[in-house]
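Q: The structure that follows is given in the form of structure tokens.
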Amino acid sequence: MASTTNFRPTSLAIGTFVLLSVALSMTTASVTNGASSPSNRSVHAAGHHADTKCQEGLILPVWQPQENLTTGDRIARGLVYFFALLYLFIGVSIVSDRFMAAIEVITSKEKEVRVKKAGGEEQIVVVRVWNETVANLTLMALGSSAPEILLSIIEIVAKNFNAGDLGPGTIVGSAAYNLFVIIAICVLVIPDGEVRRIKHLRVFFVTATWSVFAYIWLYLILAQITPGRVDVWEGFLTFLFFPATVITAYVADRRLLVYKYISKQYRMNKRGVIVQVEAESALEMNNRDEKLNTIDENGGVSEEVRDFEESRREYISALKDLRKKYPQHDLEQLEIMAQEQLMNKGPKSRAFYRIQATRKMMGSGNIMRKISERAQSDLSEVKAELQRVDVDEPIEEDAACRVFFEPGHYTVMESVGEFEVRVVRRGDLSSSVTVDYETEDGSAEAGSDYIGKKGTLTFAPGVDEQRFQIQVIDDDVFEQDEHFYIRLSNVSEPASLSTPKVATVMILDDDHSGIFALASKDHELVESVGTYELKVQRYSGARGKVRVPFWTEDGTAKAGKDFEEQRGELIFENNEIEKVIQLVIVEEGSYEKDVLFYVNLGDPQQIGDDDVTGLIEAAEGKAPEELTEEDKMALLGRPKAGDIVRAQLRIKESKEFKNTVDKLVQRANASILIGTSSWKEQFVEALTVSAGDDDGDNEGEDPPTPSCMDYIMHFVTLFWKIIFAFIPPTDMSGGYLCFVVSIFCIGVVTAIIGDVASHFGCTLGIKDSVTAIIFVALGTSIPDTFASKVAAIQDKYADASIGNVTGSNAVNVFLGIGVAWTIAACYHSFHGRSFDVEPGTLAFSVTLFCSEALVAILVLVLRRNPKIGGGELGGPKKAKYITSMFFFSLWIVYLLVSSLEAYGIIKGF
């Protein structure tokens, strides 16, 4: 439903375009067939009168015959040319898809740099090679405007280096459509109550200034400086304004002139890529009270990692929400789903949105659907990488033959009689190995507490363990726990002794009820542990049945949120020396969790109905002077609490989870999805029909099947898809080979578009300047329209949707007209002639556009006021509709007035 609603503004623009073109065709037909106009300069121009022949195209010849054509013939030919234009626009959009993919691969290049955190700790981070602003104004702008720029250059060549109306008219018409219609649509499609603001406002103002100046400059060189003529220096200076635009925007982005002494800093954007810090971003971040680590070159405190930290918080927040929504899923499934959300919501480049729009329109599917596969692949790679790090060192150690005790500690009761000791060997088992063992006194003495023993163990080839028995002596005397050792020695070649080569044996006296305590005071555990077993030990005796109460206590960790509250008692049976308290830890998926809680032990109590319990109870009821020796021994042997009866448990994030989050956030670059690695992949994509709608993307839902329209668009565009699948994959030569071949293909298709558009206008009596601003400009801008609409809805800021419009408009003039006119001026200068350009319609169109552009930019600035809209896009419903209607009306006025002036109905310059 939402998808349909959002499509209406674009449909309105296209519908208006069709109706307007029909009306203009009827008007021009009447004008050229006999109406006298106030100016003769355009009505009887070549190609617009029934008796005038159309010019041959650069590639396509004119449809013959041209003489004695009836009105029906002209309409039929016009329809053929019109549908051919539509098909060619589809083709240039598809090849531009490949071109933009190459640009995205090129501009996404990364490098590793070593930076310091505030504490002096060094960290290696990934830094994006291309500055974001420079990339947007150079390759990104070239990618989205390549057809218009190339059309202008090709037209000059096709007309023997004479000026034409189609190329410059398309550039100005495209600028008007981009500024008025695309912004009108983007303002309207934002959900009610939401706003989108331009984040890099300084860059926007710089590019807006250049975009207006570009068209003012065109007027000056056409009508003021050298009227009707363009000199070499004018054309070359027009081109030089392009690098000037890039440099000044870069200065604004980096604050180089005013803030050149401030240390260079990096920040991580939503895709995990380090880019330059934008000061305003600090004002719009949440959690300002949090101390974020700094990674600038000087170790100072700054906000460069805030975007990365925010991305991690969003990832963790998504993980928590998904855990509540899908409690039946395991952590790995939730991590994949959270990664999908991060890649879906994160900002994407202009190229990404352009390609997404093209593929959805052409039945090639929604590339956002690849995110699920990508998230699964990323998680698998990260887990494998972390696992490789964990096992690399042990694998190296396993190469040699090693002999050691396993385990290295034994705890036995005095009454055990005999117990078994285990010695193992690891590594190379191909040879025979011998090793000596011998007992060694500790606090326990051989002969009185245990039977001393020594001997030799032999490991035959292929045998990896040997065992031997040790005997413990039992007595009736109450005594403290004692220990002794067993030592390995004299291992034969090629084996070596490894830790533990000495085993410790603890003998627990069984003539005392025991001392009860926790194994250690401090415990550190990861929140992903699930259930943590806290050991309670019984030593210095194990006689009788004893009850030990226990309970948990909140600290910074809270019961129910971080762990499950426990309260109960442990029952130690006779001769039982260890119990565990099962602590259930609640896993929230927190990135930097560090909270505490406590477990307490109460006083142990002897229970049961045996003689020992009766003696203890009787002795406890007597006065000290009445105690007999038997009573004193009974009291001495009763259960006691040990030194550690309160344990502090610290819950921290899982190191594996933390490393996984860091790596996944850095990999959350959805732009990589648009690249290709092989010709096979490209041809499979070209031949496959995929669903292009936005529905059915929720977690747990099956992917939708292609609709009827998807199949229709697939078969309509199949020819172009197969042809352009021959372009080299983006992974080849770092994307540069794909870049070169793609721009060549765009040039070929654009040349054909220029010929067809010229023949179309000539056949129906429409001037090239009118054909350019209505038909060609709209045809080349439709993919940008859908791309900007999606970017406006999905992105947090307005930069990707409208922030780049002004920069693109400036680049179109400086490259498209600057390069074309420089070439033509040089050619004519070389032959001793001047390059003549009739100012007429172009100068008038430029002046009209500049006037409306200034008003449009002023409206955008005013909309940042919270009382009006609060941002460039969206805002209150009433303000949205008023703004959209106003911008759309500016475009209609531009088309009508420019067309009427072109035919001399109103007077221009």
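Q: If T841 passes every condition in (1) surrounded by fewer than 19 Cβ atoms within 10 Å (Cβ to Cβ); (2) outside any loop (DSSP other than H, G, I, E, B); (3) β-branched (V, I, T) but one, which one does it miss?
A: Condition (1) is where T841 drops out.
Q: Moving on. Would you check which residues across the stretch 64-113 are of a type in the set (V, I, T) and touching a Pro at 6+ places or on another chain (Cβ under 9 Å) and list them?
A: Within the stretch 64-113, just V92 meets the criteria.
Q: Within the stretch 846-878, track down each residue that is open to solvent by less than 10 Å² (accessible area, probe 1.4 Å) and either hydrophobic (A, V, I, L, M, F, W, C) or closer than 22 Å to T238 by Cα (or both).
A: Selection gives V846, F849, A853, A856, L860, L873.
Q: Say we look at the stretch 515-537 and pick out the residues that are open to solvent by 20 Å² or more (accessible area, probe 1.4 Å) and of a type in the set (A, V, I, L, M, F, W, C); which of these is farthest from I607 (Cα to Cα)?
A: Only one residue tops the list, namely V526.
Q: Conditions first: (1) at pLDDT below 85; (2) open to solvent by 50 Å² or more (accessible area, probe 1.4 Å). E418 passes all but one, so which condition is the exception?
A: The single condition E418 does not satisfy is (1).
Q: Here's a follow-up. Looking only at the stretch 157-192, count every residue that is assigned to a helix (DSSP H, G or I), open to solvent by 30 Å² or more (accessible area, probe 1.4 Å) and farther than 14 Å from A791 by Cα and tell me the total.
A: Of the residues in the stretch 157-192, 2 are assigned to a helix (DSSP H, G or I), open to solvent by 30 Å² or more (accessible area, probe 1.4 Å) and farther than 14 Å from A791 by Cα.
Q: Turning to a different aspect of this structure: Of everything in the stretch 126-183, what is under 30 Å from H831 (Cβ atoms) and in contact with a strand residue (DSSP E or B) (Cβ under 9 Å, 6 or more places away or on another chain)? Give them in sequence order.
A: F161, N162, A163
Q: Still on this structure, please answer the following. With the structure loaded, tell me whether I723 is assigned to a loop (DSSP other than H, G, I, E, B), modelled with pLDDT of 90 or more and open to solvent by less than 80 Å² (accessible area, probe 1.4 Å) or whether it fails that test.
A: Judged against the criteria, I723 is not a match.
Q: Residues G91, G72, G78: which one is of a type in the set (G, A, S), farther than 30 Å from W679 by Cα and open to solvent by less than 20 Å² (accessible area, probe 1.4 Å)?
A: G78
Q: Just name the residue that is farthest from T411 (Cα to Cα) out of those in the stretch 566-588 that are among the β-branched types (V, I, T) and either free of Cβ contacts under 8 Å to residues at least 24 places away in the same chain or in a loop (DSSP other than H, G, I, E, B) (or both).
A: Across the stretch 566-588, the extreme among qualifying residues is V586.
Q: Within the set of pairs 6+ apart or on separate chains, which have a first residue in the stretch 769-786 that is open to solvent by less than 10 Å² (accessible area, probe 1.4 Å), a second that is of a type in the set (S, T, Y) and not in a helix (DSSP H, G or I), and C-beta atoms under 8 Å apart?
A: Close Cβ pairs satisfying both conditions: V770/Y903.
Q: Looking only at the stretch 485-542, how many residues end up being closer than 30 Å to G560 by Cβ and of a type in the set (F, W, Y)?
A: The total comes to 2.
Q: Next question. Determine which member of the set L86, L79 is part of a helix (DSSP H, G or I) and without any contact (Cβ under 8 Å) to a residue 12 or more places away in the chain.
A: L79
Q: With respect to P147, determine if the residue is at pLDDT 85 or above, assigned to a loop (DSSP other than H, G, I, E, B) and under 30 Å from the mean Cα position of the chain (by Cα).
A: So P147 fails the test.
Q: Here's another thing I want to ask about it. Could you say whether any residue in the stretch 794-814 is at pLDDT 85 or above and open to solvent by 20 Å² or more (accessible area, probe 1.4 Å)?
A: There is no residue in the stretch 794-814 that is at pLDDT 85 or above and open to solvent by 20 Å² or more (accessible area, probe 1.4 Å).
Q: Could you list, in sequence order, all residues of the stretch 538-559 that are over 13 Å from I651 (Cα atoms) and either in contact with a Ser or Thr (Cβ under 7 Å, 6 or more places away or on another chain) or open to solvent by 70 Å² or more (accessible area, probe 1.4 Å) (or both)?
A: Y539, G541, R543, G544, K545, V546, W551
Q: State all residues of the stretch 434-446 that are over 12 Å from I470 (Cα atoms) and of a type outside the set (D, E, K, R); if no residue qualifies, say none.
A: Hits for the stretch 434-446 are T434, V435, G442, S443, A444.
Q: Still on this model: Checking the structure you have, find out if any residue of the stretch 193-206 is assigned to a helix (DSSP H, G or I), closer than 28 Å to R864 by Cβ and charged (D, E, K, R).
A: Among the residues of the stretch 193-206, at least one is assigned to a helix (DSSP H, G or I), closer than 28 Å to R864 by Cβ and charged (D, E, K, R), which makes the answer yes.
Q: Note down all Cβ pairs under 8 Å where the first residue falls in the stretch 210-223 and is touching a residue at least 40 places away in the same chain (Cβ under 8 Å) and closer than 15 Å to A163 by Cβ, the second is open to solvent by less than 10 Å² (accessible area, probe 1.4 Å) and of a type in the set (G, A, S), and they're at least six residues apart or on different chains.
A: L218/A843; L222/A843; A223/A843
Q: Any idea which residue in the stretch 726-738 is modelled with the highest pLDDT, counting only those that are part of a helix (DSSP H, G or I) and open to solvent by 40 Å² or more (accessible area, probe 1.4 Å)?
A: If we take residues in the stretch 726-738 being part of a helix (DSSP H, G or I) and open to solvent by 40 Å² or more (accessible area, probe 1.4 Å), then L737 is modelled with the highest pLDDT.
Q: Can you name every residue in the stretch 407-440 that is among the hydrophobic types (A, V, I, L, M, F, W, C), under 30 Å from H512 (Cα atoms) and in contact with a Phe, Trp or Tyr (Cβ under 8 Å, 6 or more places away or on another chain)?
A: V412, F419, V421
Q: A further question follows. Could you please find all residues in the stretch 750-783 being touching a Phe, Trp or Tyr at 6+ places or on another chain (Cβ under 6 Å), hydrophobic (A, V, I, L, M, F, W, C) and over 15 Å from A84 (Cβ atoms)?
A: Selection gives A777, L778.
Q: Find the residue count for the stretch 435-472, including only residues that are of a type in the set (A, V, I, L, M, F, W, C) and loosely packed, with under 12 Cβ neighbours inside 10 Å.
A: Total meeting the criteria: 1.
Q: Being loosely packed, with under 15 Cβ neighbours inside 10 Å, more than 28 Å from D795 (Cβ to Cβ) and at pLDDT 90 or above is the requirement here; does L257 meet it?
A: In short, no.
Q: Of the residues in the stretch 879-909, how many are among the basic types (K, R) and open to solvent by less than 70 Å² (accessible area, probe 1.4 Å)?
A: 1
Q: Across the stretch 446-464, what is the number of residues that are modelled with pLDDT of 85 or more, over 60 Å from the mean Cα position of the chain (by Cα) and part of a loop (DSSP other than H, G, I, E, B)?
A: Total satisfying the criteria: 3.
Q: Kindly check whether there is at least one residue in the stretch 379-391 that is farther than 20 Å from L488 by Cα, at pLDDT below 60 and of a type in the set (S, T, N, Q).
A: Yes, the stretch 379-391 contains a residue that is farther than 20 Å from L488 by Cα, at pLDDT below 60 and of a type in the set (S, T, N, Q).
The values are calculated or read from the model by the stated rules, or taken from the named source; none is laboratory data. Predicted model only: the values in this text are computed from it and were never measured. Glycine gets a Cβ as well: all are built from the backbone with ideal geometry, and neighbour counts include every protein chain shown. Please note that ligands, DNA and RNA were not included when accessible areas were found on the heavy atoms of the full protein model with its side chains. Shrake-Rupley method; radii C 1.70, N 1.55, O 1.52, S 1.80 Å.
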